[in-house]
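Take a look at the structure set out below.
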Amino acid sequence: MKSSSLFRRTPHLMTMLVAILAAVSMWYVVSVRERVEAQLEVTLDYYGIPANLVITDGLINKAIVRLRGPETLLRSVTQGKLIQAVNLSQIKKGVTVVPLTAEHLGPTFRAFELIDVQPPRIVVRADTLIERSVPVRVTVDSPLRNGALTVEKVSVTPTTVILRGPETVVEEISNVPVPIMADPKAAGTTVQQVVTLDTPSLVTSMPPTVKVQYSITSGRAEVTRQCKVEILAENRRQYLVTPGEISVRVEVPDALAKNAQYLGQLEATVSPPDMEEGESRMVELRFRLPEGMTLLNPGTEEVTVSRKKK
């Protein structure tokens, strides 16, 4: 009776065994035998940098890795953006070689055979991170030459700042320059400016800005200049302006009152309106003044523009 029951069960056991073997075989074919290669771009993210060090050179943003593994797994990896953390806690002052191997790149790649990494290593250069107090030095320049402007009572707040950065760089800095361009239009006034400090790469300033205050003084002189009226039009030969030359009174810095090149930058222009041949109209003059020059003539002045007959 038992033998008969065992005989009836045997075909079912054989069927199950065949099914299991088939499933294992299919898994082997898909997951093991179908191994392919892929080249991926990996973004590197660094951590663990010692608090007393600053990296001055050698860090790269990305690496190229070539992997071999099951096609299905590789496909899932290539569809996303790969970011790999790199531990820099063991670096020292000077030069440290950090390998980019499978064990250093972490668990993300352990399911694959890592064939190649480019670059295979990074060479990191680090320096001691220091802080140092240095004075702030204000330098004043002007678009007007020949001493046309005088800058007085220059003050800066704060007078010193703390620089934080690589020791070899910070130790070479004797002061932080603050360049100021004096505005000729501000002559006779006290100017206040907030200036952002410009420091070398990897060096930060505390505070990052300073407040500068100074006074601009300059003697002024009145000058009367004969100025030709220019016609602004493509077909300017078709127009006539009356008068063709006007007398312009301006105020300029003393040092430039006899400078022909500077005074020659004064221009008077008109733009003709739409007119018929033989027609005349009054048109407002426009002036272009160089820096530091003030127009003393009335604010609006008109001349007559006529369109010539052919």
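A short reminder: the numbers here are calculations on the coordinates, not readings from a lab. Just so we're clear, the structure is a prediction, and the values are computed from it rather than from any experiment. So basically every Cβ, Gly included, is an ideal-geometry build from the backbone, and we count neighbours across all protein chains shown.
Here Lys153 is the anchor, and the aspartates and glutamates within straight C-alpha reach of less than 20 Å, apart from those fewer than 8 places off in the same chain, are Asp141, Asp183.
Subtracting the Cα-Cα distance of Leu202 and Thr160 from their residue separation scaled by 0.36 nm leaves 13.2 nm.
For the pair Glu284 and Lys62 in one chain, pulling the backbone fully straight at 0.36 nm per residue adds 73.6 nm over the alpha carbon distance.
Relative contact order for the stretch 159-310: what is it in percent, counting Cα pairs under 8 Å that are at least 6 residues apart?
On the way: 257 pairs, mean separation 31.4, N = 152.
With pairs under 8 Å counted, the relative contact order is 21 percent.
Ranking Ala257, Val241, Tyr214 by how far each Cα lies toward the positive end of the dipole of the stretch 198-286 (charges on Cβ) leaves Tyr214 at the top. Straight-line reach from Lys258: which aspartates and glutamates fall under 19 Å, measuring Cα to Cα and dropping same-chain residues less than 8 apart? By straight Cα distance, Lys258 reaches Glu222, Glu267, Glu291. Straight-line reach from Lys62: which aspartates and glutamates have a Cα under 18 Å away, not including same-chain ones fewer than 8 places off? List returned: Glu41, Asp45, Glu103, Asp116. Label positions at Gln238 and Thr150, each projected 7 Å from the Cα along the C-beta direction, are separated by 5.5 nm. Once the C-beta distance of Glu172 and Leu40 is scaled by a Förster radius of 35 Å, the resulting FRET efficiency is 0.25 to the nearest 0.05. Our estimate of slack between Thr269 and Asn297, defined as 0.36 nm per intervening residue step minus the Cα-Cα distance, is 8.6 nm. For Glu245, the shell of other residues with beta-carbons less than 12 Å away shows a net charge of +1, using +1 for Lys and Arg and -1 for Asp and Glu.
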